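To start, the structure itself, in structure tokens.
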Amino acid sequence: MSVRHADRKRTAAHAFSTLRNVGPAARADFAVLGVASIQQLAASDPDQLYASLQSKVGNPLDPCVRDVFAAAIHQARTGEARNWWTFTPERKKRQERSELRRQSTTATPEAAAFLGYSAPSRSHSGMSR
């Protein structure tokens with residue numbers, strides 16, 4: 001490893017150490033993701049970082065990792081330090097809505113109406129009857 005690369009890693013680690021929820025594991029995750037500065041982190045999306053990290057490591061990750069990313073990004077953007085678990089309810093609600101949407105695309109028209117979604121037409125001609 002070059003001296004210059006080692007200096008950049010130390011500088012990034014120091015910058016991230018000012019964030020409440022970022023410890024050695026999160027710093028290692030950011031390194032794998034190529035996130036090297038608070039500014040870069042602030043411009044990131046927690047869902048995209050989480051998906052990218054899962055893809056890079058090739059294993060499912062605990063969803064709380066996404067919440068840690070959300071907390072770090074929030075602090076990088078606003079300066080407000082919140083505990084990572086305060087981001088968990090929002091993630092769970094979004095996952096639930098996403099699951100309901102996924103179900104509605106495969107649901108019968110009656111089930112979709114019950115869920116409050118419109119199911120795709122079952123007509124083969126593309127026109128409703």
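The values are calculated or read from the model by the stated rules, or taken from the named source; none is laboratory data. What you see is a predicted model, and the numbers here were worked out from it, not measured in a lab. Every residue, glycine as well, gets a Cβ built from its backbone with ideal geometry; the counts of neighbours run over all protein chains shown. Heavy atoms of the whole protein, side chains included, go into the accessibility calculation; ligands, DNA and RNA do not. Shrake-Rupley method; radii C 1.70, N 1.55, O 1.52, S 1.80 Å.
Table for the structure above
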{"quantity": "Carbon + sulfur, % of accessible area of segment 23-62 - ligands and nucleic acids excluded, 1.4 Å", "calculated": "53 percent"}
{"quantity": "Calculated FRET value between ALA28 and GLU80, using beta carbons and R₀ = 25 Å, to 0.05", "calculated": "0.55"}
{"quantity": "Relative packing of 86-99, 41-54, 61-74, which averages over residues the other C-beta atoms within 10 Å, highest first", "calculated": "61-74, 41-54, 86-99"}
{"quantity": "Estimated FRET transfer efficiency when R0 is 22 angstrom, pair LEU61-GLN39 (beta carbons, to 0.05)", "calculated": "0.35"}
